[in-house]
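So the structure is just underneath, and the comments pick up after that.
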Amino acid sequence: MSALGLDVGGTKIAAGLVGLDGSAAEVTTTPTAGSGQAVVDQITGIIDEYRTAHPVTSVGLVVPGGVDPRTGVVAAASNLGWRDLDLLGALRPRLPPSVALHVDNDASAAAWAEHRFGGHGQGDSLVLVTVGTGIGGGVVVDGRVVRGVSGAGGEVGHLPLHPGGRACECGSSGCWEQYASGRALHRAAQVAGWYTETAGRDVLRAASAGDVVAAAAVAEVATHLVHGIVVLTAVLDSALVLLGGGLGSDPLFQPFVHAAASAATVTPPRRRIPIRPASLGVLAGVIGAADLSRTTTRR
Ligand SMILES: [Zn+2]
């Protein structure tokens with residue numbers, strides 16, 4: 001009984017066999033072969049390699065973009081050049097019927113992995129917010145991943161928190177990730193006078209060393225991040241919020257997030273939500289993908 005997980009990103013594909021305890025083995029990382037059909041072919045090749053060497057009984061595949069796990073159709077994954085791609089339909093004929101196949105969103109799978117194997121011990125509801133260049137997210141409520149009608153449930157980065165605010169690549173404006181992501185920190189750093197290519201990282205370092213101007217820039221981004229978290233938890237009343245991603249898990253950023261969280265008001269009977277770093281790191285997507293494939297309907 002081996003479950004194979006694949007986390008297909010715009011730059012690399014991570015894969016591994018995942019045990020019932022969430023442990024990952026035989027992990028490989030392969031540069032993504034361009035985009036479009038080439039990636040579909042590459043995924044098939046990776047699955048075949050694992051199946052040749054191991055008794056794989058289910059395969060879980062996660063992608064960065066809008067995907068409905070009930071249909072396996074990827075509505076949009078811009079990093080991979082996919083739009084309205086029936087990924088399940090493309091891969092299903094290439095696998096024997098005995099191998100279950102599950103397709104999902106990467107952040108939803110990561111949230112599931114944190115819920116199942118993250119060791120957080122906080123009941124059956126959590127929100128994972130991945131703060132990197134943009135913001136991704138996944139939500140588990142009452143022990144189930146939130147999907148919504150189109151499969152976009154839990155995709156929190158484009159919460160329109162600021163009416164008439166900054167234009168966003170998604171076509172909307174005022175989206176959360178325009179104010180509370182790595183890109184937002186870069187912008188805030190430039191406004192504060194840091195003009196290097198690594199302005200976000202530099203301003204974070206300066207802020208941690210006590211530079212008042214830098215600290216104000218970082219605090220502004222952290223405040224926007226916490227504002228979105230307060231909105232989410234006002235709806236979900238979750239037990240826990242986990243931060244992942246390059247900026248979200250950066251130890252230099254954490255104190256600013258916690259300071260902003262302490263200053264935020266929470267409407268009773270909700271309590272102040274614990275905000276913690278995600279614990280599974282870069283393999284969370286692989287682990288979640290494989291684990292979800294175990295329970296998917298065989299098709
Ligand atoms: Zn947006």
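From the backbone phi of the range 50-57, what are the Karplus-calculated ³J(HN,Hα) couplings (6.51 cos²θ - 1.76 cosθ + 1.60, θ = phi - 60°) in whole Hz, Gly and Pro given as x?
5, 5, 5, 9, 9, x, 6, 9
Residue by residue through the range 215-221, which ³J(HN,Hα) values in whole Hz follow from phi under the Karplus form 6.51 cos²θ - 1.76 cosθ + 1.60 (θ = phi - 60°), with glycine and proline marked x?
Whole-Hz 3J(HN,Hα) from phi for the range 215-221: 4, 5, 5, 5, 4, 4, 5.
Among E177, E49, E114, determine the one that fluctuates most according to a GNM of the chain built with springs between C-alpha atoms less than 10 Å apart.
Its mean-square fluctuation being the largest, the pick is E49.
Could you please report the charge total around G136, scoring K, R as +1 and D, E as -1 over all other residues with beta-carbon less than 12 angstrom from its beta-carbon? Show your work: numbers first, answer last.
Working: positive: none; negative: D106, E155, E177.
With Lys, Arg at +1 and Asp, Glu at -1, the net is -3.
Determine the percent antiparallel among the DSSP beta bridges restricted to the chain, to the nearest 5. Let's see the in-between values first.
Numbers: 29 of 49 bridges.
Here the share of antiparallel DSSP bridges comes out near 60 percent.
What does the charge add up to near H158, with Lys and Arg as +1, Asp and Glu as -1, over the other residues with Cβ less than 15 Å from its Cβ? Working shown, then result.
Working: positive: R166, R183; negative: E155, E169, E177.
Once positives and negatives cancel, what remains is -1.
Could you work out how far the C-alpha centroid of the range 237-284 sits from that of the range 1-68, in angstrom?
Using only Cα atoms, the two centres lie 29 Å from each other.
Is the range 226-299 rounded, prolate or oblate when judged by the Cα gyration tensor, a ≥ b ≥ c being the square roots of its eigenvalues, rounded requiring a/c under 1.5 and prolate requiring a/b larger than b/c? All intermediate terms of the calculation are to be shown ahead of the outcome.
On the way: a/c = 3.67, a/b = 1.57, b/c = 2.34.
Because a/c hits 1.5 or more and a/b fails to exceed b/c, the range 226-299 counts as oblate.
Could you run the Debye sum over the Cα atoms of the chain, one equal point scatterer each and no solvent, and tell me log10 of I(q)/I(0) at q = 0.07 Å⁻¹, two decimals?
Relative scattering, expressed as log10 I(q)/I(0), comes to -0.27.
How would you rank 185-197, 278-290, 220-232, highest first, on the average number of other Cβ atoms within 10 Å across their residues? If you can, show how the numbers build up before the last one.
Working: 185-197: 17.4, 278-290: 25.2, 220-232: 21.7.
Ranked from most to least packed, the peptides come out as 278-290, 220-232, 185-197.
If you put +1 on each Lys and Arg Cβ and -1 on each Asp and Glu Cβ, how big is the dipole of the range 136-235 around its Cα centre, in Debye rounded to 20?
Numbers: 7 positive and 8 negative charges, 22 e Å.
Here the range 136-235 has a charge dipole of around 100 debye.
Based on the mean of other beta carbon atoms within 10 Å per residue, what is the order of 19-25, 133-139, 155-161, most packed first?
Values: 19-25: 13.1, 133-139: 25.9, 155-161: 19.6.
Going by the mean number of other Cβ atoms within 10 Å, highest first, we get 133-139, 155-161, 19-25.
Roughly what % antiparallel, to the nearest 5, for the DSSP beta bridges in the range 122-278? Kindly include the intermediate steps, with their values, before the conclusion.
Details: 10 of 18 bridges.
Around 55 percent antiparallel, to the nearest 5.
Can you show me the helix-derived [θ] at 222 nm for the chain, built from DSSP H runs with n ≥ 4 at -39,500 (n - 2.57) apiece and divided by the number of residues, rounded to the nearest 500. Working shown, then result.
Working: 8 runs with 101 residues, N = 299.
It lands at -10500 deg cm²/dmol.
If I build a Gaussian network model for the chain, linking alpha-carbon pairs within less than 10 angstrom, which residue out of R166, R201, R116 has the largest mean-square fluctuation?
R166
What list of ³J(HN,Hα) couplings, whole Hz, do you get for the range 172-180 from phi and the Karplus terms 6.51, -1.76, 1.60, once you set θ to phi - 60° and write x for glycine and proline?
9, 9, x, 5, 3, 5, 6, 10, 9
Each reported figure results from applying straightforward, stated rules to the coordinates on display, with no laboratory input. Values in this document were obtained by computation on a predicted structure and should not be read as measured data. Every residue, glycine as well, gets a Cβ built from its backbone with ideal geometry; the counts of neighbours run over all protein chains shown.
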